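Take a look at the structure set out below.
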């Protein structure tokens, strides 16, 4: 990667590789010190900017949130030169302004997951690495995602608190009331430990959340996979438009 700009990494669904102007150049399967990633890394160029994609749940969509090898995914991205990483996440809406097909660029998160491999600081270490996680998302990348959504006149929120739950089941109405009392605006199952691992690796990481359903108890309707898929289909065009704009205009990471 020394002869060109560092690639932008995108972790999300397989449909994200269907960007206008994207030229796919190949894919590569990795074995990392932490095991095998969710799938092969897909390499391409978008208007001259190198990009790398990874399907978080594998292809086809087969890996549940609690069994994703987040460490292998993040390590593989870092290993191929990625320094700016965007995680695209399907989420449920808790805040009244964040309904289906709404886009959210969160600025904070609360981790309710358990039993996941959530750090690279394991095994026989020379020293334990403690990271500052006060602000879990990188402000530069967050700002650019929000700006792109605003310029595209998309329904979006430039801030919000992401509550990361264990899954794969959806939450109860009482659990959502608890998350709301805690200050959560959206709820999802894949936001952690991905964000923390990216921070440990020194990556400039931000989340682009697509609301695909009202969280449990926030609507009189029962949540169905049919409705979730419909909201996903409706909102994915906005996600793609944001990524196309951001990837082409991302400011380079600041020197360490």
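Numbers below:
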| quantity | calculated |
| --- | --- |
| Cβ-based exposure ranking for 237, 146, in which fewest neighbours within 10 Å come first | 237, 146 |
| Structure-based [θ]222 nm, the chain - -39500 (n - 2.57) summed over DSSP H runs of at least 4, per residue, nearest 500 | -8000 deg cm²/dmol |
| Overall form of the stretch 5-123 per C-alpha gyration tensor (a/c, 1.5; a/b vs b/c) | oblate |
| Three-way shape label, the stretch 120-207, alpha-carbon gyration tensor, a/c 1.5 | oblate |
| Label point 7 Å beyond Cα of residue 249 along Cβ direction - residues of the stretch 68-103 with amide nitrogen under 20 Å | 84-88, 103 |
| Packing rank of 189-196, 60-67, where each peptide gets the mean count of other beta carbons within 10 Å, highest leading | 189-196, 60-67 |
| Rounded, prolate or oblate (a/c below 1.5 giving rounded, otherwise prolate when a/b exceeds b/c) for the stretch 98-256 by Cα gyration tensor | oblate |
| Mean Cβ count within 10 Å, highest first, over the residues of peptides 75-83, 29-37 | 75-83, 29-37 |
| Cβ-Cβ FRET estimate between residue 28 and residue 119, R0 fixed at 22 Å, reported to 0.05 | 0.30 |
| Segment residue 97-residue 229, length gained on full extension (0.36 nm per residue, minus Cα span) | 45.5 nm |
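Where a number appears in this text, it was derived from the coordinates with a stated rule and is not lab data. Everything numeric here is computed off the predicted structure, so don't read it as measured data. So basically every Cβ, Gly included, is an ideal-geometry build from the backbone, and we count neighbours across all protein chains shown.
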